[in-house]
Every structure is written in C-alpha cells, then in structure tokens.
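Following: one structure in structure tokens, then a few remarks.
The values are calculated or read from the model by the stated rules, or taken from the named source; none is laboratory data. Note that the structure is predicted; figures quoted are calculated from it, not measured. Cβ sites come from the backbone with ideal geometry, for glycine too, and all protein chains shown count toward neighbours. With ligands, DNA and RNA removed, areas are computed over all heavy atoms of the protein, side chains included. Shrake-Rupley method; radii C 1.70, N 1.55, O 1.52, S 1.80 Å.
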Amino acid sequence: DNGGGADVFLSGTATGAANLSGSITLRGDLRSDWTASNGRVSGSISGDYGIYQHAPSSSGLLRLWGANTFTGPLVCTQGRVGVNSPAGFGSSASGTTIVGSNSALVLESTTPAVYSDEALTLRGGATMLMRSGEWASEIVLDGVGRVGAWFDNESAAVSGKLTGGRFDRASAESRVGG
C-alpha cells in the first residue's frame, strides 16, 4: 500500500529470479522499467490505478501472476508484460494497450485458457504471444498488430473480432478465426 497517492516505481535489472508476493493496493500508478526477464508479481494487485511497463530493452518481462482487481489500464510501451491467467489483467474496464514494435503481451498460462473479457489494443507493430489458449475478445489494431506462439510447438488462437489496421502472424502456429 503506497498510502500517499503518489506513483510507485518498480525497477529491476536482476539476473536471478525476483518475486513480489503479498497483496498490493495501488494508490497511484505502478510504473516499471523492469529489464530482467524474470520479474514476477505473484500477489494480487488492487486499487483504482494502472500499471505501466517501459523497459529500456525489449527483453524486460514484468510478470503479473496474481488474481488482480486493479481498475486502471495495463500499458506496455517497451518490453513485455506477462499474465498467467485471465485474472492477471485486473478489471476489464480500462483495457490493455501494447505499443510499439519492441513491446509484447505474453499470455503465459501452460493450460488452455480463454481470454474473453479484456479489451486489447495493439499499436505500432506490437505483439501478443501465447503459450496455450484462445483470445476471444476484440483486438483493436492501430497500425500493424502481430499475434503468435511464444515457443515452438505451441499455438496461438484468436477468435475475437479484429478491427482497425493490419494483422500479421508472428509465427506459423498462429490461427485467426474460430
């Protein structure tokens, strides 16, 4: 709980695993420049603010693995944001925006999950990568958006409506349409 209402800044360059656990109540935006590929917030995040990831490199991966209820947006302008289940996004009211060719949303669940309640915007060459499951919500493409499997032998399925710009498959395992 950051009590005072100011933004909280999460920064990390760790080479080993880093895990934040326990409940987190946002009283200001959570801003991150997490550069390591192994930073995880496993506790639940609540509050009326959003989460913003802007890593100095595209390899930074901020993982949101809790059952989150925060009501602000989830925005990644560089680096990656990973969620382990549909509950990782928080409230669906503000949606998720991934901006730029050096940014990605990573759906990390290894068991099939249907992501059906989150508004997603892929802007300027941003990518959504999946391990297992299906994206059943609308994806707004502002420019080019890419969807693909995170690893070989995994698949990415999109059954939700695509609107706006141009869609590119990020991998051969990408499937669009029911």
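Which order do TRP65, TRP135, TRP34 take when ranked by solvent-accessible area (1.4 Å probe, heavy atoms of all protein chains), largest first?
Descending order: TRP65, TRP34, TRP135.
By accessible area of protein heavy atoms, probe 1.4 Å, what ranking do GLU138, GLU154, GLU118 get, highest first?
On the way: GLU138 85, GLU154 30, GLU118 10 Å².
Ranking GLU138, GLU154, GLU118 by accessible area, largest first, yields GLU138, GLU154, GLU118.
Rg over Rh for segment 22-62 works out to 1.00, using Cα positions for both radii and the Kirkwood form for Rh. Its residue count N fixes a reference of 2.2 N^0.38 Å for segment 16-84, and the Cα radius of gyration divided by that reference is 1.01. Over the Cα atoms of segment 31-178, each weighted equally, I'd like the Debye log10 I(q)/I(0) at q = 0.13, 0.14, 0.21 Å⁻¹, rounded to two decimals. Computed log10 I(q)/I(0) values: -0.48, -0.57, -1.41.
Using a cut-off of 12 Å between beta-carbons, work out the net charge of the residues near VAL140 (Lys and Arg +1, Asp and Glu -1, VAL140 not included). Neighbour charge sum, excluding VAL140 itself: -1. The average projected area of segment 107-171, computed from the convex hull of its Cα atoms over all directions, is 3.8 nm².
Excluding ligands, DNA and RNA, what is the solvent-accessible area per residue of segment 19-145 at a probe of 1.4 Å, expressed in Å²?
35
The Cα-based radius of gyration and maximum Cα-Cα distance (Dmax) for segment 76-143 are 11.0, 31 Å.
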